[in-house]
Amino acid sequence: MAKEAMLTRKVLITSGKGGVGKSCCTVFLGQALARHGFRVLLIELDAGLRGLDLMLGLEDRNPYDMGDILKGRCDPYDAVSACGESRLSLLSAPSGDWSEFSQADLVWLCREIASYYDWILLDAPAGIAWGWRRRTALCWSLRRTPSVSGMPRLSPPSWSGRGEAVFPNG
């Protein structure tokens, strides 16, 4: 694995509940990172809704999606769509059933394209269908990235029920 790929930050944005702003958070965070000069890939994992391409105005622009990559019908870079900002890109979820793909397929894909991006933001679907254990296992599989000084860490929620972000370098 290339040294540059080891430094790619991968973030899974997930929740058990729908309608809480996961996709909006993914898009806004991706746009903010791109505006700060980072190369960002958004990966849509919700095959049912595929909302990121709609939010970014990219619907029907690319005939390929993640399923085409995993079935060998195209190279990973053929399925990635450039967004309005030159440093922000999108990989759409497969149109169809996720059951034909394994978690190892997604981990392979993230590692395969990591060297081209500084950040990979994965927008997970809501609810229990995708499975909390599957999401957690995905995070553990992708976590083989060294810690980077100055990266935000999330602290455990306080007793009042709110989480606080801790920024070590101010």
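The values are calculated or read from the model by the stated rules, or taken from the named source; none is laboratory data. Because the structure is predicted, anything quoted here is derived from the model rather than measured. Cβ placement follows ideal geometry from the backbone for every residue including glycine, while neighbour counts extend to all protein chains displayed.
Conditions tested, residue by residue: (1) touching a Phe, Trp or Tyr at 6+ places or on another chain (Cβ under 7 Å); (2) touching a residue at least 60 places away in the same chain (Cβ under 8 Å); (3) among the β-branched types (Val, Ile, Thr); (4) under 29 Å from GLU100 (Cβ atoms).
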residue: GLY19; (1), (2), (3), (4): no, yes, no, yes
residue: LYS22; (1), (2), (3), (4): no, yes, no, yes
residue: THR26; (1), (2), (3), (4): no, yes, yes, yes
residue: ALA32; (1), (2), (3), (4): no, no, no, no
residue: GLY37; (1), (2), (3), (4): no, no, no, no
residue: ALA47; (1), (2), (3), (4): yes, yes, no, yes
residue: LEU52; (1), (2), (3), (4): no, yes, no, yes
residue: MET55; (1), (2), (3), (4): no, no, no, yes
residue: LEU58; (1), (2), (3), (4): no, no, no, yes
Practice task
Would you mind finding the one in LEU58, LEU52 that is closer than 18 Å to ALA124 by Cα and in contact with a strand residue (DSSP E or B) (Cβ under 8 Å, 6 or more places away or on another chain)?
Solution key: LEU52
Practice task
Among the strands (runs of 3 or more DSSP E) lying completely within the range 55-170, list those that include at least 1 residues that are among the polar types (S, T, N, Q) and at pLDDT 75 or above.
Solution key: 80-82, 88-91
Fill in the blank from the handout: Among GLY51, GLY67, GLY72, GLY84, the single one that is loosely packed, with under 15 Cβ neighbours inside 10 Å and within 26 Å of GLY19 (Cβ to Cβ) is GLY84
